[in-house]
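First comes the structure, then the notes that go with it.
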Protein chains: 2
Amino acid sequence: MKKKEAILKVATVLFANKGFTDTSVQELARLTGVAEGTVFYHFKSKEGLLLAVLEQTRDEIVDQFERFFENRPFNSGLEMAEEVVSFYLYLAGLMEDKFLLLHRHFLYRLSESNPGFRENLESIYNCLVDIFERAISMGQGDGSISGEIHTRKSALVLFTMVDGLVRFKNHNLYDAGALFNELMLMCRRMLQA
Amino acid sequence: MKKKEAILKVATVLFANKGFTDTSVQELARLTGVAEGTVFYHFKSKEGLLLAVLEQTRDEIVDQFERFFENRPFNSGLEMAEEVVSFYLYLAGLMEDKFLLLHRHFLYRLSESNPGFRENLESIYNCLVDIFERAISMGQGDGSISGEIHTRKSALVLFTMVDGLVRFKNHNLYDAGALFNELMLMCRRMLQA
DNA sequence: CAAAAAACCGAGTGTTCACTCAGTTTCGTT
DNA sequence: AACGAAACTGAGTGAACACTCGGTTTTTTG
């Protein structure tokens, strides 16, 4: 089971950085140090391998988020919202390849023909947006976040903003770090009661 | 010159929706109704064709934005900022393929080896962010937008947010239309003095 | 209208690709 | 040690690919 994990690991990097079609199984095998046939012994096809990568990505992201936010004390919903934003950016740096993968179009194209992809992507996004929503909901309860905003929709907008910044960082368009303080300020202004 | 334009048009759709590698010149020629050799008569390579598509996209987007905002009267900078956001979303719907293309990773990968791609992408983003910045700057002058925010950085954050929403729409993750009002509210709250 | 130039054509070429398969090695169990 | 199962191998295969090129048609021009 050692080689299977190694294949998954290298495949994640290659799929995220080169794309699906531009990653050849031959190159993947060479970089992993296994024979080409080994890849097809463990995964039924290249697409099956990508699905396995996505499943592992979902497990890891969902796990990280749930562990970070369960049984955690926050002084207010607004503070929690800020920590969620912060943690999302932190995680996107820590798991750069996996977040890059999630921003690649081929996953969403494959979603249309292979429900496995759709299910995993939905799992991830639901988990993330739910946590944003929980923070806003809590803040509206304790009065730290304005009641004039729509809970779910503003969670989506907030998520969109943070995720957009991650995309710009991944595309080397501009430095996300330099925008961190401004982003936090904007979040606070958006949500504050 | 009729066929050259036809090739560019079809190539835009294919590159945006299928990606660079997954678009074959054979298929492109068939859909355009020309011979494969004709594509290479007009463009020196597949990559050259993509660059031509990007150049046309830049011309069109920059032109649209500049024409929309030159000599236009706004009651306040805040109102202008709202109109910029609105117009960006409108244009992203009108030129769906071109905005989808701009969100595809292969452009940014090619940017690293071919400066032509980098230059065109920078032109587009500079043009867009500049207009956001102009609105904020104006608002800070007339008092409709808070002076506590950093002009350029908040323009980037604002752009990131709107562009992120377009990405979610293009990936069929959730309906951007349903979030429009919430997005505008959030923008106002972010910027308001 | 004739000659030159530009546009267009599609069969041909060499390469790369995902995937198969018949055979070999490694591992777990008794 | 013996044996069956699981893991692994890499040469082989047919399909698809970007691009070329010698030749044909269409357009421009003097």
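The values are calculated or read from the model by the stated rules, or taken from the named source; none is laboratory data. Just so it is clear, the structure is predicted and the values come from calculations on it, not from any experiment. Every residue, glycine among them, receives a Cβ derived from its backbone with ideal geometry; neighbour counts consider all protein chains shown. Note: areas computed on protein heavy atoms with side chains; ligands, DNA, RNA excluded. Shrake-Rupley method; radii C 1.70, N 1.55, O 1.52, S 1.80 Å.
Some notes on this structure:
- Here A:F87, A:F117, A:F99, A:F69 are screened, and the one residue that is out of contact with any His (no Cβ under 9 Å at 6 or more places or on another chain), within 16 Å of DNA strand C (Cβ to nearest atom) and either closer than 25 Å to A:G164 by Cβ or among the basic types (K, R) (or both) is A:F117.
- Residue that is least open to solvent (accessible area, probe 1.4 Å) [pool: residues in the range B:3-31 that are within 11 Å of DNA strand C (Cβ to nearest atom) and within 13 Å of B:V53 (Cβ to Cβ)]: B:I7
- Reported count of residues in the range B:149-165, each being open to solvent by 10 Å² or more (accessible area, probe 1.4 Å) and more than 7 Å from chain A (Cβ to nearest Cβ), is 2.
- Residue selection: A:N126 fails the criterion of being open to solvent by 50 Å² or more (accessible area, probe 1.4 Å) and either facing chain B (nearest Cβ under 8 Å) or outside any helix (DSSP H, G or I) (or both).
- Put simply, of A:F74, A:F68 the only residue that is surrounded by fewer than 19 Cβ atoms within 10 Å (Cβ to Cβ), outside any helix (DSSP H, G or I) and out of contact with any Ser or Thr (no Cβ under 8 Å at 6 or more places or on another chain) is A:F74.
- Candidate set from the range B:1-38 (those that are among the β-branched types (V, I, T) and assigned to a loop (DSSP other than H, G, I, E, B)); member that is farthest from DNA strand D (Cβ to nearest atom): B:V34
- Among (1) within 17 Å of B:Y125 (Cβ to Cβ); (2) surrounded by fewer than 22 Cβ atoms within 10 Å (Cβ to Cβ); (3) more than 7 Å from chain B (Cβ to nearest Cβ) - the single one A:M184 does not satisfy: (1)
- The single condition among (1) modelled with pLDDT of 95 or more; (2) buried (at least 21 other Cβ atoms within 10 Å of the Cβ) that B:L179 does not satisfy is (1).
- Restricting attention to the range B:37-65, the residues that are open to solvent by 30 Å² or more (accessible area, probe 1.4 Å) and either within 15 Å of DNA strand C (Cβ to nearest atom) or over 16 Å from B:K98 (Cβ atoms) (or both) total 9.
- Only listed residue being among the small types (G, A, S) and touching a strand residue (DSSP E or B) at 6+ places or on another chain (Cβ under 7 Å), chosen from A:G77, A:G37: A:G77
- Scanning the range A:30-46 turns up no residue that is at pLDDT 95 or above, in contact with a helix residue (DSSP H, G or I) (Cβ under 6 Å, 6 or more places away or on another chain) and within 30 Å of A:Q192 (Cβ to Cβ).
- Restricting the first member to the range A:87-115 and to residues that are more than 9 Å from chain B (Cβ to nearest Cβ) and at negative phi, and the second to residues that are of a type in the set (D, E) and open to solvent by 30 Å² or more (accessible area, probe 1.4 Å), the beta-carbon pairs closer than 8 Å and six or more apart or on different chains are A:M95/A:E60; A:K98/A:E60; A:L110/A:E47; A:N114/A:E47.
- Test result for B:S146, among the hydroxyl-bearing types (S, T, Y), facing another protein chain (nearest Cβ under 9 Å) and under 26 Å from A:F106 (Cβ atoms): no
- Pairs with Cβ under 9 Å, 6+ apart, first in the range A:45-64 and without any contact (Cβ under 8 Å) to a residue 40 or more places away in the chain and within 16 Å of DNA strand D (Cβ to nearest atom), second in a helix (DSSP H, G or I) and open to solvent by 40 Å² or more (accessible area, probe 1.4 Å): A:K46/A:F40
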